[in-house]
Amino acid sequence: MEQTKKKTVTVQIERFNPDVDSAPHDETYEVEAEQSDRVLDLLNRIKWYQDGTLTFRRSCGQGICGSDAMRINGRNRLACKVLVKDLGNHIRLQPLMGLTVVKDLVVDLTPFFAHYAEVLPYLINDERPPATERLQSPAERERYDDTTKCILCAACTTACPPFWANGKFVGPAAIVNAHRFIFDSRDRGAAQRLAILNERWGVWRCRVVLNCTDACPRGIQITDAIEQCKRAILAENV
Ligand code: SF4
């Protein structure tokens, strides 16, 4: 079967060790791979059998934790979701752009999570809780269903040219997570979040490049969510 046929794949990886390197450089590995292997399988094989110094993040390996986002042949993707059969025999791996490289394919996500925290990504409601759950209709739930899917992988924000230009921009992932609560009928913090998004480094920095939507491994319609936030600010209501 085609799926199990093995081939040799050249994996070109951008390496950088701040302890010894003054600049990044590429190193190349030849790896035996099956068509059904994922890029993460190749990385594991290189680390376990060829070069234990190679550094990258991974955790669940199932597209849920969002740990292994990186540039794969120039596009932000999760290494655990991209199959060898969908790439050529030459695969280039690079760290995400716009964040400081800690080592090899690992970037410092501190600024990314700081922007996430800025938008108050939690339910705000000081009203007395009802005797049972805070009920919500299917239509009310539908308004923010798409943005609940975010796994905070950072693929969108690090694919965003306005974020590359200035890391103060809150970025698409933070806006997605603001949207998730702004449009939740149980939440009372929408005005606060919209005021934050209306600031200098908020939604108006978005230039609708659409890289974010292309990069999202969860298929979230990020640009739509950003536009909904912009419209809510202009309408001064949700
Ligand atoms: S919106 Fe998509 S690409 Fe951005 S952090 Fe969430 S899951 Fe990742």
Check your understanding: Among residues other than residue 71 whose Cβ falls under 11 Å from its Cβ, what is the net charge (Lys/Arg +1, Asp/Glu -1)?
Key -> +2
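Please compute the length gained on full extension between residue 110 and residue 26, using 0.36 nm multiplied by the number of residues separating them and subtracting their Cα-Cα distance.
Stretched out fully, the residue 110 to residue 26 stretch lengthens by 27.7 nm.
Return the percentage of antiparallel bridges among DSSP beta bridges fully within the stretch 6-107, rounded to the nearest 5 %.
Values: 19 of 23 bridges.
Antiparallel: roughly 85 percent of the beta bridges in the stretch 6-107.
With all pairs of different alpha carbon atoms counted, what Kirkwood hydrodynamic radius in Å does the stretch 58-112 show?
On the way: mean 1/r = 0.0843 Å⁻¹.
Here the Kirkwood hydrodynamic radius works out to 11.9 Å.
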Check your understanding: Put a dot 7 Å past each Cα toward the Cβ at residue 62 and residue 5; how far apart are the dots in nm?
Key -> 3.2 nm
Point to revise | Förster radius 25 Å - calculated FRET efficiency between residue 124 and residue 210, Cβ distance, rounded to 0.05 | key: 0.25
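Rounding to the nearest 20 debye, state how big the charge dipole of the stretch 110-236 is about its Cα centre with +1 on each Lys and Arg Cβ and -1 on each Asp and Glu Cβ. Intermediate values should be presented prior to the final figure.
Working: 16 positive and 15 negative charges, 53 e Å.
Taking the Cα centre of the stretch 110-236 as origin, the dipole is about 260 debye.
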Practice item. Pick out which of 11, 84, 20 has the largest mean-square fluctuation in a Gaussian network model of the chain, springs linking Cα atoms closer than 10 Å. Key: 20
**Study point:** Spin-label pair residue 83/residue 19, simplified geometry with 7 Å Cα→Cβ offset, distance in nm
**Key:** 3.9 nm
Check your understanding: For the chain, modelled as a Gaussian network with Cα springs under 10 Å, which listed residue fluctuates most, 19, 86, 184?
Key -> 19
**Study point:** Charge dipole (the stretch 6-107, unit charges on Cβ, about Cα centre) - positive-most of 95, 33, 60
**Key:** 60
Check your understanding: How big is the gap, in Å, between the Cα center of the stretch 178-205 and the Cα center of the stretch 60-79?
Key -> 28 Å
Check your understanding: Of 165, 174, 117, which is the most mobile in a GNM of the chain whose springs link Cα atoms less than 10 angstrom apart?
Key -> 165
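Given a Förster radius of 22 Å and the C-beta distance between residue 165 and residue 234 as r, what FRET efficiency does 1/(1 + (r/R0)^6) yield to the nearest 0.05? Can you show the working numbers first?
Details: r = 24 Å, r/R0 = 1.09.
For R0 = 22 Å, the calculated efficiency reads 0.35.
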**Study point:** Furthest towards positive pole of dipole, 158, 229, 130, structure part the stretch 110-236, Cβ charges
**Key:** 158
Point to revise | Test item: Cα-centred dipole of the chain, Lys/Arg +1 and Asp/Glu -1 on Cβ, debye | key: 260 debye
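May I ask for the percentage of alpha-carbon pairs in the stretch 1-155 that lie more than 28 Å from each other?
Result: 35 percent of Cα pairs exceed 28 Å.
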**Study point:** Helix axis angle, 222-235 relative to the chain longest principal axis, alpha carbon, degrees
**Key:** 20 degrees
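Can you pick out the pairs among 81/149; 168/230; 5/85; 47/149; 85/149; 7/85 whose Cα atoms lie more than 20 Å from each other? Intermediate results must be reported in sequence, preceding the final value.
Values: 81/149 16 Å; 168/230 18 Å; 5/85 10 Å; 47/149 31 Å; 85/149 27 Å; 7/85 10 Å.
Over 20 Å apart, Cα to Cα: 47/149; 85/149.
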Study note, to complete from the structure: Measuring from the longest principal axis of the C-alpha atoms of the chain, the long axis of helix 39-49 (C-alpha) lies at a number of degrees, nearest 10, equal to 50 degrees
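What 222 nm value per residue comes from the helices of the chain, counting each DSSP H run with n ≥ 4 as -39,500 (n - 2.57) and dividing by all residues, nearest 500 deg cm²/dmol? Please list the in-between numbers first.
Values: 8 runs with 68 residues, N = 238.
That comes out to -8000 deg cm²/dmol.
What's the extension gain from residue 90 to residue 12 if we count 0.36 nm per residue and subtract their Cα-Cα distance?
Values: separation 78, 0.36 × 78 = 28.08 nm, distance 0.74 nm.
That works out to 27.3 nm of additional length.
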Point to revise | the stretch 161-176 - phi-based ³J(HN,Hα) in whole Hz, Karplus 6.51/-1.76/1.60, Gly and Pro as x | key: x, x, 6, 4, 5, 7, x, 6, 4, 4, x, x, 5, 5, 5, 4
Review point. Between residue 15 and residues 5 or more places away or on another chain, which pairs have amide H atoms under 5 Å apart, with H built 1.01 Å from N, and which residues are they?
Key: 25, 26, 27
**Study point:** Label-point separation in nm, residue 49 to residue 132, each point 7 Å along Cα→Cβ
**Key:** 5.8 nm
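If I take R0 = 35 Å and measure r between the Cβ atoms of residue 34 and residue 192 in this structure, what FRET efficiency does the formula 1/(1 + (r/R0)^6) give, to the nearest 0.05? All intermediate terms of the calculation are to be shown ahead of the outcome.
Values: r = 51 Å, r/R0 = 1.45.
After rounding, the FRET efficiency stands at 0.10.
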Review point. Which one of 12, 44, 192 has its Cα pushed farthest toward the positive end of the charge dipole of the chain, where Lys and Arg give +1 and Asp and Glu give -1 at the Cβ?
Key: 192
Point to revise | Rounded to 5, percent antiparallel among DSSP beta bridges of the chain | key: 85 percent
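Here, each number is a calculation from the coordinates, and none is a lab measurement. Please read all numbers here as calculations on a predicted model, not as lab measurements. Cβ sites come from the backbone with ideal geometry, for glycine too, and all protein chains shown count toward neighbours.
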